[in-house]
Structure formats: C-alpha cells, structure tokens
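Inspection log for the structure reproduced underneath, given as structure tokens.
Computed from the coordinates by the stated procedures, all read-outs in this text should not be read as laboratory data. Values in this document were obtained by computation on a predicted structure and should not be read as measured data. Cβ placement follows ideal geometry from the backbone for every residue including glycine, while neighbour counts extend to all protein chains displayed.
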Amino acid sequence: MNSDGAWFLPIQRQVGQKLKEVADGERTTLLFSSEKGATRIFALTAKVTPEQIGRIGCITINVAPFFARSSVIHASPTELSLLDSDGKKQTSIFSAEAEPIVSASISDPFIAIRLADGTIHTFIGDSISRQISPITHDLCLCQSVEVFSDPSGIYRSFEAGVSGPSAEQRMTAIRSGQQSRMQLTQQQIQRLQAEKPAISADAQSMESAINAAKGTQWLAVLTIDGDLQIRSLPDMAVVLQSGGLMASEPSFTDDASGTGLEENGELDHVKQMLFAPVGKENPRPHLLVGRFTRVVKVY
C-alpha cells in the first residue's frame with residue numbers, strides 16, 4: 001500500500017475478536033489511508049487482510065476519534081466532517097471556501113483548524129446532543145495551532161484561584177530578574193496535583209466525565225508575529241504568553257517578549273507544534289517544535 005498518510009483509530013465497533021491484553025480504548029478498529037488524492041477506509045478485525053469499507057474522494061489532513069470513540073472527525077483541505085463508526089459522512093461541520101484547510105488538531109471534544117491564510121477556527125462538541133459548535137475567540141492570524149491534554153495536572157497552576165504567583169507578580173519578577181524564585185517547585189506541583197487533580201470528581205458535563213483520564217485540555221497557538229499563547233478551554237482565556245519560542249531562546253517564560261527574528265531579520269516559521277507527556281514513571285509535559293528549516297527543538 002503506497003500511502004501518503006495513515007491513521008489507526010480505536011473506534012467503538014463490533015469486531016470479531018477481542019484481545020485480553022489490549023484495552024478497548026486502545027484497540028484499533030479503523031484504518032484511514034490517504035493516497036493519490038483520495039482516502040480509503042478499512043475495517044480492522046481478526047482477518048489477516050483489512051476490509052475496505054469506504055472511500056472519501058479527497059486527501060486527509062487529520063482524522064481522530066470523537067464523541068467518546070463513537071464517531072470520527074475527518075479534516076480535508078476543503079471540509080471538516082463528522083463521520084459515523086463506519087466512516088460514512090453524517091454532517092459537515094465547516095466548509096473551506098476562499099482558503100483551504102492546511103492543518104487540524106483534534107482532541108475530543110475540541111477541534112482547531114488553520115486555513116492557508118492563517119485564520120483559526122475552533123469548535124467544541126456535545127456528546128449528549130451530538131452537536132458541534134464554533135467557539136468564539138479573538139485570535140489573530142497564526143502559523144501553528146494545537147489542542148492538547150495535560151494528564152499530569154501541572155497546567156492547573158495556570159487556573160484562576162490556584163495558589164501561586166499571579167500574572168502581575170510574574171511580570172514584576174521577570175523585570176527584576178527574579179523569575180526563578182517565582183517558578184513552582186516540584187514539591188508545590190505535587191501538592192497541587194494532590195489537592196486538585198487534573199479533573200474534578202464532580203465533573204459538570206458529559207465531556208469532562210468522558211475525558212477524566214486525559215486531564216485538562218488547552219489550546220496552544222503561535223501567532224504570525226511569533227507570539228506563543230496557551231489558552232484555557234473552552235473560555236479561551238490566555239494563561240501563558242511568550243515570544244521566546246520564535247526567538248529560539250533556550251527557555252522562555254510568561255513575559256510576552258522576544259522578536260522571533262534570525263540574524264538576517266527573517267522569521268524562521270514553525271511548521272508544527274506537539275505537546276506530549278514524556279517520561280517513564282513521572283511523565284512531564286514537553287513541547288516539540290518543528291521548523292521549516294528542518295530543525296526540531298524540544299522544551
């Protein structure tokens with residue numbers, strides 16, 4: 001199979017055989033293969049050869065489980081769609097008319113897409129009504145966007161009401177060169193996680209109950225001017241802002257500074273950002289940044 005991209009999804013489907021050592025949420029049942037201007041959909045069962053059950057007449061930018069693995073979100077250059085568990089289209093969420101979709105980040109129940117002109121569109125799903133609605137925001141043009149999860153609970157330190165330095169205190173500390181004193185220590189982080197886990201037990205919505213194991217979810221955007229912002233979801237409030245990423249600084253803080261310029265005065269634009277927990281016993285959030293100059297940096 002000559003494929004430009006392949007996605008193995010753990011969608012809830014009737015399969016012929018269950019493996020005891022593989023959890024239901026990790027057992028892949030659908031395969032999306034983007035090739036030669038189209039996408040083929042295969043059912044994965046105990047059979048040796050996958051069975052093709054569908055075809056989409058366009059390439060795939062991204063595809064991921066949605067509504068607690070009962071459905072699929074499919075993103076192509078021209079459309080964002082909701083598919084059923086067999087890969088059949090149920091509804092169109094967004095149609096790209098003037099500018100094509102160039103990237104899509106999907107983390108149930110949130111979706112963020114970026115158009116070729118840098119415009120960002122964000123959406124949130126409700127599994128009870130099975131409706132997907134746009135999220136109002138004030139984002140400017142961006143070069144990269146990602147929805148990510150934090151199962152560690154470290155990002156809870158950004159939330160209002162959590163004990164720790166305020167934004168004004170952090171800015172004052174940064175200006176006076178005392179930033180290191182304002183950082184949360186490992187002991188403070190552990191205490192914060194113990195006092196307030198990544199998701200509360202009395203979840204107020206179906207989506208938060210479904211995603212309890214995934215932890216809190218956040219939106220990361222890198223503006224066209226090189227400003228990295230991390231926003232809480234779904235209220236889209238800015239909780240961290242820095243220009244250090246585009247400036248290729250070895251570390252950056254919540255200071256909204258940095259030009260992101262290289263020596264020749266041109267921006268080394270970011271192609272993709274990826275937030276992921278890394279570690280064996282105590283995974284911590286890491287940020288991987290891939291640039292168009294084929295340089296990858298890890299924070």
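Provide the gained length on full extension for the span LYS47 to LEU141, in nm with one decimal, where the gain is 0.36 nm per separating residue minus the Cα-Cα distance.
29.2 nm
Between ALA247 and ASN282, what's the calculated FRET efficiency when r is the beta-carbon distance and R0 is 35 Å? Round to 0.05.
Numbers: r = 30 Å, r/R0 = 0.85.
The computed FRET efficiency comes out at 0.75.
Taking Cα centroids, how far is region 89-123 from region 44-85 in Å?
Cα centroid of region 89-123 versus Cα centroid of region 44-85: 16 Å apart.
Based only on other Cβ atoms within 10 Å, what is the fewest-to-most ordering of SER70, SER34? Don't jump to the answer; show the numbers that get you there.
Working: SER70 14, SER34 21.
So the residues, fewest neighbours to most, are SER70, SER34.
By average Cβ neighbour count within 10 Å, what is the ranking of 229-236, 140-147 from highest down? It would help to have the intermediate numbers written out before the result.
Details: 229-236: 17.6, 140-147: 20.0.
Result, highest mean Cβ count within 10 Å first: 140-147, 229-236.
Please rank LYS271, LYS280, fewest neighbouring Cβ atoms within 10 Å first, as an exposure proxy.
Neighbour counts put them in this order, fewest first: LYS280, LYS271.
Would you order SER127, SER71 from fewest to most other beta-carbon atoms within 10 Å of each residue's own beta-carbon?
Final ranking by Cβ density, sparse to dense: SER127, SER71.
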